[in-house]
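Enquirer: Just dropping this structure here.
The values are calculated or read from the model by the stated rules, or taken from the named source; none is laboratory data. The model shown is predicted, which means the values in this text are computed figures rather than measured ones. Cβ sites come from the backbone with ideal geometry, for glycine too, and all protein chains shown count toward neighbours. Accessible surface areas use protein heavy atoms only, side chains included; no ligands, DNA or RNA. Shrake-Rupley method; radii C 1.70, N 1.55, O 1.52, S 1.80 Å.
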Amino acid sequence: MRRLTAIFALVVAAATLALAIAVAINQFPRGLALLGCVLIASASAWYGLRRRGVARVVGVIVAGIALVGAVALIVVGGARFVDLLIVAGLLVSLAAASAAFTIHVDLPSATVPRQPVLFFNPRSGGGKAERFQLAKEARERGIEPIELKPGDDLEVLVRGAVERGADGLAMAGGDGSQAIVAKVAAERGLPYACVPAGTRNHFALDLGVDREDVVGALDAFVDGGERRVDLAEVNGRVFVNNVALGLYAEAVQRAGYRDAKIRTVLDTVPDVVGPGGSEIDMRWTGPGGHEHHAGAVVLVSNNQYRLGRAVGSGTRPRIDDGLLGIIVVGAPSGRGQNGSSLQRPLREWSAPTFEIDADRPVPAGIDGEALVLDAPLHFRIRPGVLWVHIARKHPGASPSAIAPEGMWAGIVELAHIAFGHHQKPASSTSERQE
């Protein structure tokens with residue numbers, strides 16, 4: 001089906017472009033203006049629809065303005081069938097291209113656990129567990145639900161359930177809670193399922209769990225596929241997404257952060273990096289073996305995030321690469337390796353381990369939770385330690401696993417899909433060895 005969709009997208013796009021060029025030549029200058037609007041709308045729509053946040057809003061707005069311009073040219077010049085056909089072709093080709101890049105991986109079949117347990121936080125995600133009646137839905141699937149009450153120690157609850165015979169562990173809650181359950185599952189070699197009942201559910205997204213299908217995620221322990229992924233840790237504490245140090249970590253520590261995130265971060269800037277600020281002197285060694293001093297932000301992640309203009313920006317194409325993702329952002333300072341240039345303000349690389357030293361305890365945001373860590377900070381990746389079960393109807397891989405970089409790369413990848421040579425999602429799906 002993906003192959004047919006890609007072929008359809010390419011054929012419609014090529015026919016639309018040829019028709020638009022013909023109109024541009026035959027009805028100059030009106031036709032040229034119409035062609036320009038179509039091209040701007042195409043590029044902007046592609047840019048916006050494949051991103052999130054402000055970038056998506058800007059892209060969609062620009063595309064909308066360009067389409068309005070195209071419609072205005074059609075109306076002013078007298079609506080003609082060929083003009084309407086160009087606009088329709090643009091919309092259809094974009095929709096088909098987007099559908100062709102929708103990912104779904106057929107994971108190896110997973111053994112159904114006999115005594116699976118679901119831990120759920122009723123307060124996470126604005127009360128998603130209660131809204132979707134997760135306890136009831138879990139019982140109907142033969143999964144024992146255990147509610148996390150105020151004052152409970154989640155790790156103690158999980159280990160207690162394992163001692164009673166639980167052979168499958170699922171968590172419905174935020175990513176901090178997911179990390180605790182995943183840690184125990186990895187230690188005991190038990191299957192784990194991520195139920196996206198938190199606020200943002202970043203780990204679920206990169207695992208390939210449909211974040212909109214909270215109840216359906218429970219089917220991972222009924223009829224699921226299995227994949228093996230990495231975990232990361234800092235000073236022995238497991239994290240599933242990332243550890244942020246510097247500006248963001250300082251902001252997370254503040255009392256008003258949960259209610260006004262952006263304002264709190266902005267208020268933190270002068271206190272951390274302004275004159276007389278309290279920026280911690282964090283020291284680290286780069287991939288070239290040279291010692292550096294950290295800037296405003298340090299982000300260490302469980303596998304590398306895709307950043308910048310790329311499609312799928314903000315997600316991890318892989319979560320089984322066996323490497324930490326490391327990003328350091330700060331003002332240019334010092335000298336480069338040849339002693340003649342300033343250090344780059346943005347550094348990004350991957351490594352199996354990473355260490356940061358500091359002159360005092362370091363505030364940190366670990367999977368979005370505020371903590372203070374004693375220096376030095378020892379980061380390491382734990383490759384392939386977690387066996388994850390994912391419902392058959394869910395994607396099974398990150399949305400950026402096969403997503404191309406930019407429009408031209410998208411056209412090339414559509415051609416590969418059309419000819420049956422497209423890349424497969426990079427994920428470890430090897431069968432479990434008992």
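Enquirer: Residue 40 accessible area, nearest 10 Å², 1.4 Å probe?
Expert: Accessible area, nearest 10 Å²: 90 Å².
Enquirer: Further question: May I ask you to order 174-185, 361-372, 106-117 by the average number of other C-beta atoms within 10 Å around their residues, highest value first?
Expert: Numbers: 174-185: 23.9, 361-372: 19.2, 106-117: 17.0.
Descending packing order for the listed peptides: 174-185, 361-372, 106-117.
Enquirer: Could you tell me the calculated FRET efficiency between residue 155 and residue 39, based on Cβ-Cβ distance and R0 = 51 angstrom, to the nearest 0.05? Please report the intermediate quantities before stating the final value.
Expert: Numbers: r = 55 Å, r/R0 = 1.09.
Efficiency at R0 = 51 Å is approximately 0.40.
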